[in-house]
Amino acid sequence: MEENKLTAWERMELIRHKGRPTVRDYIPMIFDEFYELHGDRLFGDDAAIIGGIARVHGISVTVLGQVKGHNLEENKKTNFSCPHPEGYRKALRLAHQAEKFHRPVICFIDTPGAFCGVAAEERGQGEAIARNLLEFSQLKTPVISIVLGEGGSGGALALGVCDTLGMLENSLYSVISPRGFASILWKDASREKEAAEIMHMRAEDLVEYGVCDGIIPEAPGGAHMNPQLTAGNIADFILDALKNLTQKSVANLLEARYNKFRKIGVFEEGGQIPPGSVLDDTLPGMDDLPEDGVSVSTEETDLNQVL
Amino acid sequence: MEDGGKDKEESAGKDSRAKIPKNLLFKCPRCGNVVFMEEFNAGLKVCPNCSYHSRISCQERLELTADRGSFVEYDADLTSLNPLEFPGYEEKVAAAQAKTGLKEAVITGECTIRTRRCVIIIMDSRFMMASMGSVVGEKVTRAFERATEKGLPVVAFTASGGARMQEGIISLMQMAKTSAAVARHSEAGLLYITVLTDPTTGGVTASFASLGDIIIAEPKVLIGFAGRRVIEGTIHQRLPDDFQSAEFLLEHGFVDMIVSRVNMRKTVSKLLKAHLPGQKLDL
Ligand SMILES: [Zn+2]
């Protein structure tokens, strides 16, 4: 594969291109048959996540994917590919179904993040994502995840606990969007271009961190220039991964999946334990501790104003 | 001491502001009520007006929870590095270390609570809002792994602003890592009690904090996935005050019980007792 010279921000522009193929475009190109299944059996059906049974080279698989649209109307239906809890719960239901019938699970990640809204909070967005992380870590069938475009935050990771992670060569994957990153760390969302470069969110970066297992080439100029060719490359990646994963026993598969995530982390071990750590037996009393919440000094503020 | 410090402060200029004793009054961030700090501290840092349970340090939490002298810390020597080489990250960590006397935003270890042995995890929001980077993720994971090996229950007091942005994708992966460790502990048939404290949000809510067999919350604390301002920005209206409160989560079915700080130690120890081998029916 030729070296991809695009910067992270140039890739961001590419993956936000209206013509970039979505999971709905790829499914008929990659799979021979597809039967879409709906609903989480608890609340409703979230159009931001598509799920169903598919066939690839004579093998039955379960397909899950976050659905971007090509235009405003499509994006309104799928909330710009930002799932609600019921989307994640539909994905989990279908993953358990796949486990029951010994079907591998293929996840397509393509979301700026989980939906942030009142209803999502009321229905437990955090719990829904957490549950998927826990359950997918123990799912007794192979799981392959592929980042198609944007992979943003826990909303992406909820379909990303897998045995093999592939990334399209221009896709990006990180803890938050560059805009959110700039807004939180620099209090200036307009510095998103700068953030994209510093966040190390390209496929090459993620290979280096041990998060990504393979980079899938796109058509020259980007996936939208030749969706069919790109789809063929995705299919090759899936078949390769399946060949490898289906040879493993379930115990080995789960052990390897645990270790894939277990080893990710950058820290230092050893050295001095600082004075004042909890190992000291002189624990501070309640009065000696720093203030919290909003406390007011009498030296600076008129008591009457406060009270 | 206050008078002695005053001269120095005046000559030291702006930087001395932090040294002015600020701990005379407490203003409740939930209801705005103001009380004398002495009274507030005597009441375990709970607002006497609305019963908001304010943030406390992990040392204070440990004192309120564990039997005196029973705590043995795990992995006290883990410290963050700067995987993205993000400018200013090391300085930020160093400042948090100096402020808190901690190496990172969580302490883990083994203790007894009213004689019942458990692995305990306590997050401290004073340390970079207890965001989860590599060290928090690793310490929490190791705590669950040791508990699984030793057949011990886990009690986790959570507080966090979410993933540690400065560590990028690596901080995101800590969510998967900790959740997988919870899964193995659960598979072994062991008890995990989560106590959600102020604030538990973002990537910690979307991983191990939401995965307890029993989920307890302190009254009035903030619990949620998305930030309030982010949601207000999306819907273009002000959210009600109780949105994402412990009571809101109880109402929507994501919390088992709300327990006041004064009763927490007793409640947790009774739940631990209810899960002791002798207390189970042999079916
Ligand atoms: Zn109050």
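The values are calculated or read from the model by the stated rules, or taken from the named source; none is laboratory data. Note that this is a predicted model, so its numbers are computed, not measured. Cβ: placed from backbone, ideal geometry, glycine included. Neighbour counts: every protein chain shown. Each accessible area value is taken on the protein alone, full model and side chains, heavy atoms only, with ligands, DNA and RNA left out. Shrake-Rupley method; radii C 1.70, N 1.55, O 1.52, S 1.80 Å.
Assorted remarks:
- Where both bridge residues fall in the protein assembly as shown, DSSP classifies roughly 50% of the beta bridges as antiparallel.
- Taking every alpha-carbon pair under 8 Å whose residues sit at least 6 apart, the range B:87-226 reaches a relative contact order of 21 percent.
- GNM result for chain A, Cα springs below 10 Å: residue of A:Thr62, A:Thr246, A:Thr111 fluctuating most strongly: A:Thr246
- Around A:Asp163: net Lys/Arg minus Asp/Glu count, Cβ-Cβ under 9 Å: +2
- Under the combined filter of DSSP loop state and at most 13 neighbouring Cβ atoms within 10 Å, the range B:178-268 retains these trypsin sites (Lys or Arg not before Pro): B:Arg238.
- Take each residue in B:51-64, count the other chain C-beta atoms within 10 Å of its C-beta, and the mean is 3.
- Using C-alpha pairs under 8 Å with a sequence gap of at least 6, the mean separation divided by the residue count of the range A:8-268 gives a relative contact order of 17 percent.
- Most mobile listed residue (A:Val161, A:Val63, A:Val250) in chain A, GNM with C-alpha springs under 10 Å: A:Val250
- Using just its DSSP H runs of length 4 or more, each adding -39500 (n - 2.57), the protein assembly as shown gives a mean residue ellipticity at 222 nm of -11000 deg cm²/dmol after division by all residues.
- For the range A:8-268, the equivalent ellipsoid built from the Cα gyration tensor has semi-axes of 25, 21, 20 Å, listed from largest to smallest.
- Sites matching GluC sites (Glu not before Pro) across the range A:1-49 that sit in DSSP coil, with at most 12 neighbouring C-beta atoms within 10 Å: A:Glu2, A:Glu3
- Cβ neighbours within 10 Å from other chains - mean over B:201-213: 5
- Mean accessible surface per residue for chain A, computed with a 1.4 Å probe while every protein chain stays in place, in Å²: 43 Å²
- Only Lys, Arg (+1) and Asp, Glu (-1) charged, at Cβ; the range A:8-268 dipole about Cα centre in debye: 520 debye
- In order along the range A:116-126, phi translates into HN-Hα couplings of 9, x, 5, 4, 4, 5, 4, 9, x, 4, x Hz, rounded to whole numbers, per the Karplus curve 6.51 cos²θ - 1.76 cosθ + 1.60 with θ = phi - 60° and x for Gly and Pro.
- For the range A:180-196, 3J(HN,Hα) per residue [Karplus equation, 6.51 cos²θ - 1.76 cosθ + 1.60, θ = phi - 60°, Hz, x = Gly/Pro]: x, 4, 5, 5, 7, 8, 10, 6, 8, 4, 5, 8, 5, 5, 4, 4, 4
- Amide hydrogen proximity for B:Gly133: with H placed 1.01 Å from N in the peptide plane, the residues at 5 or more positions away or on another chain lying under 5 Å are B:Arg164.
- Residues whose amide H falls under 5 Å from that of B:Ala217, counting only those 5 or more places apart or on a different chain, are B:Leu196, B:Met257, B:Ile258, B:Val259, with hydrogens built in the peptide plane.
- In the assembled protein chains, B:Leu276 presents an accessible area of approximately 70 Å² (probe radius 1.4 Å).
- Trypsin sites (Lys or Arg not before Pro) lying in DSSP loop within the range A:112-199, provided at most 13 other Cβ fall within 10 Å: A:Lys140, A:Lys187
- Of the cross-linked pairs A:Lys187/B:Lys92; B:Lys45/B:Lys220; B:Lys103/B:Lys266, those separated by over 18 Å at the C-alpha level are B:Lys103/B:Lys266.
- Using θ = phi - 60° and Karplus 6.51 cos²θ - 1.76 cosθ + 1.60, couplings along the range B:230-237 (whole Hz; Gly, Pro as x): 4, 5, 4, x, 6, 9, 6, 8
- Of B:Val255, A:Val118, the order by accessible heavy-atom surface (1.4 Å probe, DNA, RNA and ligands excluded), from most exposed downward, is A:Val118, B:Val255.
- For chain B, average projected area of the Cα convex hull in nm²: 17.7 nm²
- With an a/c value of 1.5 or above and a/b not larger than b/c for the gyration tensor axes a ≥ b ≥ c computed over the alpha-carbon atoms, the range B:169-283 is described as oblate.
- Most mobile listed residue (A:Pro142, A:Pro28, A:Pro83) in chain A, GNM with C-alpha springs under 10 Å: A:Pro28
- Summarising the strand pairing of the range A:8-268, around 40 percent of its internal DSSP beta bridges are antiparallel.
- Relative contact order for the range B:18-76: 19 percent, from Cα pairs under 8 Å spaced at least 6 residues apart, divided by residue count.
- Value of Rg to Rh for the protein assembly as shown, rounded to two decimals, is 0.99; Kirkwood radius and Rg both from alpha-carbon coordinates.
- Net charge over other residues, Cβ less than 10 angstrom from the Cβ of A:Ile264 (K, R count +1; D, E count -1): +3
- Where no second cysteine Cβ lies under 4.7 Å, the cysteines concerned in the protein assembly as shown: A:Cys82, A:Cys107, A:Cys116, A:Cys162, A:Cys212, B:Cys58, B:Cys111, B:Cys118
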